[in-house]
Amino acid sequence: MRSILEALYCGNIRPEETIVPIDHEYRALNRKISEAMKMWEKKLSATEFSQFEELLDLRSKSGTLHATASFIRGFQLGALMMTEVYAAGDEIVGG
């Protein structure tokens, strides 16, 4: 069995590919987005719709970068909290 660190290093852990929000609004929101995309595809010319999709792709990439930074920051804060907990444990046991 591989260690978590080895799997992470090898790229075998990709949480973004397996996360499915459990919030009941998630599917409804995606349905609304699909419906809106169909509406805009009918209203816009092929070129305009392609440009619109490019804009949405850029927005999605921006959101992904923000989510990545948020994940990293959260992980760092969690690790710092664990360091503090372990340090306090030494003080409690030693004192």
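Computed from the coordinates by the stated procedures, all read-outs in this text should not be read as laboratory data. The model shown is predicted, which means the values in this text are computed figures rather than measured ones. Virtual Cβ from ideal backbone geometry, glycine too; neighbours counted across all protein chains shown.
Here's the list of lysines a cross-link from K32 could span, going by alpha-carbon distance under 16 Å and ignoring same-chain residues fewer than 8 apart: K42. Computed 3J(HN,Hα) for the range 16-24, one whole-Hz value per residue from the Karplus formula 6.51 cos²θ - 1.76 cosθ + 1.60 where θ = phi - 60°, is 5, 8, 10, 7, 10, x, 8, 4, 4, glycine and proline marked x. K43: which aspartates and glutamates have alpha carbons under 20 Å from its alpha carbon, excluding same-chain residues fewer than 8 sequence positions away? Qualifying aspartates and glutamates at Cα under 20 Å: E35, E53, E54, D57.
Size check on the chain: the Cα extents along the three principal axes, sorted descending, read 73, 29, 22 Å.
Mind putting a number on the dipole of the range 26-94 about its Cα centre? Charges go on the C-beta only, +1 for Lys and Arg and -1 for Asp and Glu, and I need it in Debye to the nearest 20.
On the way: 9 positive and 9 negative charges, 115 e Å.
The calculation lands at about 560 debye.
Using the Cβ of G63 as centre and a radius below 12 Å, the other residues enclosed give a net charge of 0, where K and R count +1 and D and E count -1.
Considering only I19, L77, S50, the residue lying farthest towards the positive end of the dipole of the chain is S50, judged by Cα position with unit charges set on Cβ. Can you tell me how the range 1-52 classifies by the Cα gyration tensor, rounded, prolate or oblate, using a/c under 1.5 as the rounded cut? Judged from the Cα gyration tensor, the range 1-52 comes out oblate (a/c at least 1.5, b/c at or above a/b).
Annotation for S60 and A46: the two label points, set 7 Å from Cα along the Cα-Cβ direction, are 2.1 nm apart.
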